[in-house]
Amino acid sequence: MYNVAIIGGGIVGNAIARELSRYELSVVLIEKEIEVSFGTSKANSGIIHSGIHDDPKTLKGKLCLQGNALWEELSKELKIPFNRVGEILVARSEDDLPVLKKMLDNAKAIGIPSEMVEGKRLHELEPNLSGKINTGVLAPTAGVIPPYEMTYALYENAMQNGVKYLLGSKVINIATDGKSFVITAGDKEIKADYVINTAGVYADEVAKFAGADNFRILPRKGEEYILDKRLDNINNHVIFPTPSPISKGVLIIKTIEGSTMIGPTADDIKDKEDTTTTEEGLKKILDFVRTMIPGIQKKDIIASFAGIRPVSNTNDFIIGGSKTAPCFINAAGIQSPGLTAAPAIALMVADLLKKSGIRLEKKRKFNKYDKPHRRFTLASNKDKELLIKLNKAYGNIVCRCETVTEAEVVAAIRNGAKTVDGIKFRTRAGMGRCQAGFCLHHVMKILSRELGIPEEKLTKRGGGSLIVKEKR
Amino acid sequence: MKKISTDIIIIGAGPGGMAAALKAGEAGVKKILLVDRLPEPGGILQQCIHNGFGLHKFKKDLTGPEYADTYIKKIKNSNIEVLLQTMAIEITKDNKVILANGSDGLIEVSSKAIVLAMGCRERTRQQVSIPGTRPSGIFTAGVAQRFVNIEGFMPGKEVVVVGSGDIGMIMARRMTLEGARVHAVTELLPYPGGLTRNIVQCLNDFNIPLHLNHNVIKIYGKDRVTGVKIAKINNKGEPTDETFEISCDTLLFSVGLIPENELSRMVPLEINPITGGPFIDDTYQTKRPGVFICGNAAFVNDLADYVSCEGEIAGEAAANYVNGSLNTVTKVSVVAGENIRFVAPNFITRTDHVTLYARVTQQMRDVTVSSSGGIINIKKQIIKPSEMIEMELDSEKLKKIKELKELVIDVRPNK
């Protein structure tokens, strides 16, 4: 019997799990995929928004502002790089100017640092910007983080503090006697007093089991394309167009790695699993971003992916219990700015639990996160030497595009990676320009050795995604 | 950090790097350091267990490992120091090479000359932007080759090969021999991407259909590839509505090779956007004196044999550089003219003998390869982008070339 069961292991579920792990509670997180962060969070853009896009009267707007402030501390606690690169919203036509002006006024009114940047100053900030663009709004508090590393750090820290994880277990039923819940997940039954629903695009279906489904999730697909890191000076900020009433538009993102990512598209779809990239999507993105930075070329793309935003039918976050099932708390419809808001959502959910009667008693000892991912490539030569002296496996570079060492891959496995994608999202092995051409067999050998699984049984991301078919 | 000094450091012990090391040794250089990431020398040759190596260089038909072995044996009997399982992670602004391995940690190498021989990598599905899902079962042909020939695994059983590069065609045959069914090889262009001998020996002999003017336009499958949609391509290179689907569990991409030049960029060397390698003269010296590059890191070659030849030139030139006898003062630019995509090397300095390699932009029949001053004049029945044109320049021709400002190479149809 658990005090709390969380359904869904994305950034929001893990942020809540870690927040609750501060208290004397027994908590379990249930995830249908074989590893956490394999759903919508896997395709996150990594932007910590300033809050300039959202109305502070909405839950999205309010939690975005709170979240932006919370990230400062959280990134330090979890030893995750957080770079406030700033965002610039640019006017691509005369029509955009009044919209930008209004956004700036609103931002200033609610205290978001922001300013108009024009002409020469704008082009000094972004030298590759189209000569046709002369006005922008700069919001310097926006930043970027590595979204998967963040999710994994939250997961590891929550586990360190006693949260149990049940992975590869899809919730297929939730029963209640009015006092507690019995969750059927895969072939297991989990009992819990409280259930928190962070099931992303499936949140409405999970809510339905508990009769707390007074909302719908409308999946909205976004395709993104990553450019070779060699072109790392193409942009310096996260560049947005002036938003339209329905979308933030297509962005040019300076990622935490220094490389540039372009996208996303925003297409309402029916199939919650449709993460296909499309020719039209790519064309739309390229045409759009070239109106802002004309020098971006198709041939510089090294990777593409698509993710699905869980958009609620209210278009706002849905966070709270429902009248029909007060101990079942939804944290649903968490689309953009969900990553930014995640730490604030975690606090809000903890508060909701408290209000509904759970005693939140702080643990005497909360274990600080002590397993930061030491990236060999980012270390100074002196530290590289030290790392290799400490552990020879730092001298064995398995992924040469991203310079990832065997020691990092082993650490990822010891922290829970079971699949090739799990290694990729934790260490970046295979994310570079050769797309795992050189490192795949190294990574498979290490996975096989550490987990005691034959190589022919290893998968890309669980299920039927076997890497090779059979032994020769 | 451990610091060592040497006369020549060679980065990469594939066919280019090994040939360079041996030639530099023969030229009398005492201290030569050859480094490679892998546990044994030979580079990609070790996984190329098919034959066809050495025909040009040794007039022998060897497999990749046999070809590599002829060099490895000589290196073992030489004074060349070989450092394996060691990766060059950086070239500093003052051109010191930083190496990393598990036993030494980091090593800073000061060398009088550097020979870059990093080879190339394969273009991926992502770089050719094929839409669809991203399941497992998608490999570059070279990765599949490694799985089958070295690691001992079958990547899959029902195969479609995208692109008709040499490795793709060789893997179509290899997978067939291992019991897989290769349903198709698709090629976007109207002509194949690889050598004629591979079309005959790898596809025709095994009844594997080659679909020219066709491309995969969609990939299906959530966990593992389940199929592809293939479209006929029109003469503008765009997909048409004429499509068909093939069920498969594996896709192999053979859509081009890209020279590996991350280290070259640190030197720094300017990269020729056409070849993907740095600009070089006919001693394979880059624009930075004392830094040489050879093989597929310089430009993608058709044959390992050519790579070895270039390695020998680079190794000898590096030795001359170390001995102070390399003379590259007079330079004549070599320029790609009509119907030529690139010519390499980019500058002529030598007076004894030079081999130029050119790749054409399209397949043509009954043509003449010519140059400024009428110095080159070769008639060809057929030329293809997949087969480089070799042009030998002897001392007499080089003397004439020295009087030119630049040497423009053209390919024109015979009327």
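The values are calculated or read from the model by the stated rules, or taken from the named source; none is laboratory data. Predicted model, so just to flag it, every value in this text is computed and none were measured. For neighbour counting, all protein chains shown are included, and Cβ atoms are generated from backbone atoms with ideal geometry for every residue, glycine included.
Within segment B:332-347, identify whether any single residue is over 20 Å from B:T196 (Cβ atoms) and out of contact with any strand residue (DSSP E or B) (no Cβ under 7 Å at 6 or more places or on another chain), and answer yes or no. No, segment B:332-347 has no match at all. Of note, B:N198 satisfies the criterion of being farther than 26 Å from A:G464 by Cβ and either outside the structural domain of B:V160 (by TED's automatic domain parsing) or within 21 Å of the chain's Cα centre (by Cα) (or both). With a requirement of 1 or more residues that are hydroxyl-bearing (S, T, Y), the strands (runs of 3 or more DSSP E) lying completely within segment B:319-415 that satisfy it span B:332-336, B:353-360, B:364-371.
List the strands (runs of 3 or more DSSP E) inside segment A:244-345, counting only whole elements, that have at least 3 residues being at pLDDT below 95.
Details: elements: A:251-254, A:260-263, A:301-312, A:318-321, A:328-332.
Passing ranges, in order: A:301-312.
Per the listing A:L74, A:L20, A:L63, the residue uniquely farther than 26 Å from A:F305 by Cα, surrounded by fewer than 24 Cβ atoms within 10 Å (Cβ to Cβ) and modelled with pLDDT of 95 or more is A:L74.
Do we find a residue being buried (at least 22 other Cβ atoms within 10 Å of the Cβ) and acidic (D, E) anywhere in segment A:179-196? Checking segment A:179-196: not a single residue is buried (at least 22 other Cβ atoms within 10 Å of the Cβ) and acidic (D, E).
Within the bounds of segment A:357-365, is there any residue that is farther than 18 Å from A:E156 by Cβ, within 28 Å of the chain's Cα centre (by Cα) and more than 8 Å from chain B (Cβ to nearest Cβ)?
First pass over segment A:357-365, keeping only residues farther than 18 Å from A:E156 by Cβ: A:357-362, A:364.
Filter once more, so that each one left must be within 28 Å of the chain's Cα centre (by Cα): A:360, A:362.
With the extra rule that they be more than 8 Å from chain B (Cβ to nearest Cβ), the set shrinks to A:360, A:362.
Scanning segment A:357-365 turns up at least one residue that is farther than 18 Å from A:E156 by Cβ, within 28 Å of the chain's Cα centre (by Cα) and more than 8 Å from chain B (Cβ to nearest Cβ).
Screening A:I226, A:I234 for residues that are among the aliphatic types (A, V, I, L, M), more than 20 Å from A:S336 (Cα to Cα) and out of contact with any Pro (no Cβ under 9 Å at 6 or more places or on another chain) leaves exactly one candidate, A:I234. Filtered by the rule that a residue be under 30 Å from A:D274 (Cβ atoms) and within 11 Å of chain A (Cβ to nearest Cβ), segment B:161-183 gives a lone residue, B:A180.
In segment B:184-229, the residue that is surrounded by the most Cβ atoms within 10 Å (Cβ to Cβ) out of those that are out of contact with any helix residue (DSSP H, G or I) (no Cβ under 8 Å at 6 or more places or on another chain), β-branched (V, I, T) and more than 14 Å from every other protein chain (Cβ to nearest Cβ) is B:T186. Among residues of segment B:338-351 that are outside the structural domain of B:I274 (by TED's automatic domain parsing), those with a Cβ under 8 angstrom from a residue that is of a type in the set (F, W, Y) and assigned to a loop (DSSP other than H, G, I, E, B), sequence gap 6+ or separate chain, pair up as B:F342/B:F299; B:A344/B:F299; B:P345/B:Y284; B:N346/B:F279; B:F347/B:F279.
Of all residues being closer than 27 Å to A:I302 by Cβ and of a type in the set (D, E, K, R) in segment A:375-399, which is farthest from the other protein chains (Cβ to nearest Cβ)? Just the residue, please. Looking at residues that are closer than 27 Å to A:I302 by Cβ and of a type in the set (D, E, K, R), I get A:R375.
Would it be correct to say that A:K323 is farther than 30 Å from A:G211 by Cα and among the charged types (D, E, K, R)?
no
Output yes when any residue across segment A:36-50 is over 16 Å from the mean Cα position of the chain (by Cα), modelled with pLDDT of 95 or more and not assigned by TED's automatic domain parsing to the domain that holds A:D271, and no when none is. Scanning segment A:36-50 turns up at least one residue that is over 16 Å from the mean Cα position of the chain (by Cα), modelled with pLDDT of 95 or more and not assigned by TED's automatic domain parsing to the domain that holds A:D271.
Would you pick out the residues in segment A:56-110 that are acidic (D, E), touching a residue at least 40 places away in the same chain (Cβ under 8 Å) and under 29 Å from A:L154 (Cα atoms)? Write out each step before concluding.
Step one: list which residues in segment A:56-110 are acidic (D, E), which gives A:72-73, A:77, A:87, A:94-96, A:105.
Remaining after also requiring touching a residue at least 40 places away in the same chain (Cβ under 8 Å): A:77, A:87, A:96.
Those that are acidic (D, E), touching a residue at least 40 places away in the same chain (Cβ under 8 Å) and under 29 Å from A:L154 (Cα atoms): A:E77, A:E87.
Determine whether B:R350 is among the basic types (K, R) and touching a strand residue (DSSP E or B) at 6+ places or on another chain (Cβ under 8 Å). The answer is no for B:R350.
Of all the numbered requirements in (1) of a type in the set (A, V, I, L, M); (2) over 18 Å from A:I397 (Cα atoms); (3) touching a helix residue (DSSP H, G or I) at 6+ places or on another chain (Cβ under 9 Å), B:V109 misses one, and that requirement is (3). Determine whether segment A:356-368 contains at least one residue that is in contact (Cβ under 8 Å) with a residue 40 or more places away in the chain, of a type in the set (D, E, K, R), touching a strand residue (DSSP E or B) at 6+ places or on another chain (Cβ under 9 Å) and surrounded by 20 or more Cβ atoms within 10 Å (Cβ to Cβ). Checked segment A:356-368: no residue is in contact (Cβ under 8 Å) with a residue 40 or more places away in the chain, of a type in the set (D, E, K, R), touching a strand residue (DSSP E or B) at 6+ places or on another chain (Cβ under 9 Å) and surrounded by 20 or more Cβ atoms within 10 Å (Cβ to Cβ). Those strands (runs of 3 or more DSSP E) of segment B:1-59 in which 2 or more residues are within 14 Å of chain A (Cβ to nearest Cβ) occupy B:2-11.
Only one of these is in contact (Cβ under 8 Å) with a residue 24 or more places away in the chain, over 30 Å from A:S180 (Cβ atoms), away from chain B (no Cβ under 14 Å) and in contact with a strand residue (DSSP E or B) (Cβ under 8 Å, 6 or more places away or on another chain): A:K248, A:K221. Name it. Of A:K248, A:K221, the one residue that is in contact (Cβ under 8 Å) with a residue 24 or more places away in the chain, over 30 Å from A:S180 (Cβ atoms), away from chain B (no Cβ under 14 Å) and in contact with a strand residue (DSSP E or B) (Cβ under 8 Å, 6 or more places away or on another chain) is A:K248.
Taking A:S180 as the residue in question, decide whether it is polar (S, T, N, Q) and within 30 Å of A:T141 (Cα to Cα). Walk me through how you get there before you give the answer.
Values: polar (S, T, N, Q): yes; within 30 Å of A:T141 (Cα to Cα): no.
Taking the combined requirement at face value, the residue does not satisfy it.
For segment A:212-243, which positions are assigned to a strand (DSSP E or B) and not β-branched (V, I, T)? Across segment A:212-243, the qualifying residues are A:L218, A:P219, A:R220, A:K221, A:G222, A:E223, A:E224, A:Y225, A:L227, A:F240, A:P241.
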